[in-house]
Amino acid sequence: MTTAQLSAGDVLAQLDLSAAGDEGFALKVGGIGVRVLCPQPLCDRLMAYFDDALADEAGAITVHLLPDQKLTPEPAWTDWRRDGGKVGRKDAVCDLDGARLIRKVRSGVTFYQSFDHAVAFGPLEQNESTVINFINTQVLNIALREGWQLAHAAAVTNGKRTLAISGLSGGGKSTSMLRLMDIDGLSFLSNDRVLIKGGAPAQALGIPKQPRINPGTILGNPRLAGLLTEARTAELKAMAPADLWALEEKHDLVIRDVYGAGRVRFDGPMTDFWVLNWSHSAEQDTQISEVDLVSRPDLLQAIMKSPGPFYQKADGSFEPNGNTPDPASYLQALKGVRVCEVSGKIDFDRIALAGRELFDG
């Protein structure tokens with residue numbers, strides 16, 4: 001068999017789905033449910049990670065996790081174009097009849113995605129974060145087919161008001177969100193992905209993904225000091241602020257470990273959206289000013305997020321390589337949401353104060 005002849009049926013015939021076992025766990029986010037089948041010890045580790053979203057219902061789709069399985073021959077891969085001018089190979093795809101294979105280039109973890117099957121296989125035990133992202137992708141796929149829009153944002157909510165924060169990568173949205181978590185009564189909704197659906201009011205939906213934060217975020221928040229060793233903290237404090245800000249180094253933060261139990265909520269009314277457009281070099285004080293996104297397409301670009309290679313549309317087709325989101329859909333979803341631009345110099349104390357005023361108002 002050649003790679004050109006590889007079909008969805010051929011792929012499923014090679015994979016032993018029974019190796020995932022018949023036990024696992026279920027997740028529920030808003031009204032969206034997902035079932036996960038996987039062997040031990042990976043299953044227990046994933047259940048601990050997804051603790052805030054565990055549910056009893058089986059869900060709309062079942063994810064099969066198959067450690068160390070592989071395909072022969074290798075598919076004919078096509079590199080997936082990355083967002084925002086990022087360079088380097090990250091994902092590759094191979095389209096089949098009604099399905100798509102996706103490969104993480106660096107790790108070799110591979111995924112089979114279709115309406116009926118969501119399968120991850122390869123070196124899963126060594127790439128747990130990649131597995132977590134794949135499970136959450138199923139939540140995103142279902143929500144997108146139901147008309148939600150995907151935003152690149154962090155968010156907090158008190159159940160009556162939800163504030164989402166977007167910005168360029170490394171712009172401070174995670175740091176801002178975690179400073180807001182110091183406010184009593186607020187819950188973590190998302191660190192990086194927020195789904196938005198228009199209505200009266202508009203609605204926000206997060207995904208069960210714990211924050212992965214950079215060292216600058218940790219150094220700027222005393223509550224997070226335990227995430228770094230004393231030696232690493234000293235090394236980072238010696239760096240120039242610009243170098244620290246640009247450092248590509250991520251650390252996992254478990255919300256319940258830092259902020260206590262009951263501080264996670266995955267849905268809420270979408271009422272406020274801040275877009276970080278500030279800089280270290282600015283001289284003017286931080287300003288938070290209401291804007292109209294229709295006249296500020298530059299800010300809308302910071303909010304919109306492509307669903308990526310895993311997304312299969314309701315008509316069965318997959319997201320095209322290099323496709324960009326439709327601004328009109330986001331403008332419609334954000335109708336009635338108060339959108340503000342955060343400009344001037346970077347000042348997280350100002351963000352924290354403005355957040356208290358917003359949620360106390």
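Values for this structure:
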| item | result |
| --- | --- |
| Matching option when the condition is in contact (Cβ under 8 Å) with a residue 12 or more places away in the chain, among the small types (Gly, Ala, Ser) and open to solvent by 40 Å² or more (accessible area, probe 1.4 Å), among 108, 159, 98 | 98 |
| Within the range 311-346, considering residues that are open to solvent by 60 Å² or more (accessible area, probe 1.4 Å) and more than 30 Å from residue 114 (Cα to Cα), the one farthest from the chain's Cα centre (by Cα) | 345 |
| Residue that is farthest from residue 360 (Cα to Cα), among those in the range 144-156 that are among the small types (Gly, Ala, Ser) and surrounded by 22 or more Cβ atoms within 10 Å (Cβ to Cβ) | 151 |
| Unique residue being touching a His at 6+ places or on another chain (Cβ under 6 Å) and under 20 Å from residue 142 (Cα atoms) when the list is 37, 54 | 37 |
| Condition check for residue 349: open to solvent by 40 Å² or more (accessible area, probe 1.4 Å) and closer than 29 Å to residue 226 by Cβ | yes |
| The listed residue being surrounded by fewer than 18 Cβ atoms within 10 Å (Cβ to Cβ), over 26 Å from residue 143 (Cα atoms), modelled with pLDDT of 95 or more and in contact with a strand residue (DSSP E or B) (Cβ under 9 Å, 6 or more places away or on another chain), out of 263, 296 | 296 |
| Complete set of residues in the range 42-60 that are of a type outside the set (Asp, Glu), touching a residue at least 60 places away in the same chain (Cβ under 8 Å) and within 21 Å of residue 127 (Cβ to Cβ) | 42, 45, 46, 49, 50, 53 |
| Candidates 120, 58, filtered to the one that is part of a strand (DSSP E or B), in contact with a strand residue (DSSP E or B) (Cβ under 9 Å, 6 or more places away or on another chain) and closer than 30 Å to residue 188 by Cβ | 120 |
| Odd one out for residue 320, checked against (1) over 27 Å from residue 28 (Cα atoms); (2) in a loop (DSSP other than H, G, I, E, B); (3) touching a residue at least 12 places away in the same chain (Cβ under 8 Å) | (3) |
| Filter result for residue 81 (modelled with pLDDT under 95, under 19 Å from the mean Cα position of the chain (by Cα), surrounded by fewer than 16 Cβ atoms within 10 Å (Cβ to Cβ) and in a loop (DSSP other than H, G, I, E, B)) | yes |
| Breaking point among (1) more than 19 Å from residue 70 (Cα to Cα); (2) modelled with pLDDT of 95 or more; (3) in contact with an Asp or Glu (Cβ under 9 Å, 6 or more places away or on another chain), for residue 98 | (2) |
| Residue in the range 87-104 that is part of a loop (DSSP other than H, G, I, E, B) and either within 30 Å of residue 257 (Cβ to Cβ) or under 19 Å from the mean Cα position of the chain (by Cα) (or both) present | yes |
| Scan of the range 185-219 for residues that are more than 19 Å from the chain's Cα centre (by Cα) and more than 13 Å from residue 253 (Cβ to Cβ), ordered by number | 185, 186, 198, 199, 200, 201, 202, 216, 219 |
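The values are calculated or read from the model by the stated rules, or taken from the named source; none is laboratory data. A quick note: this is a predicted structure, and the numbers were derived from the prediction, not measured. We place every Cβ from the backbone using ideal geometry, glycine too, and count neighbours over all the protein chains shown. The accessibility values were calculated without ligands, DNA or RNA, using every heavy atom of the protein model including side chains. Shrake-Rupley method; radii C 1.70, N 1.55, O 1.52, S 1.80 Å.
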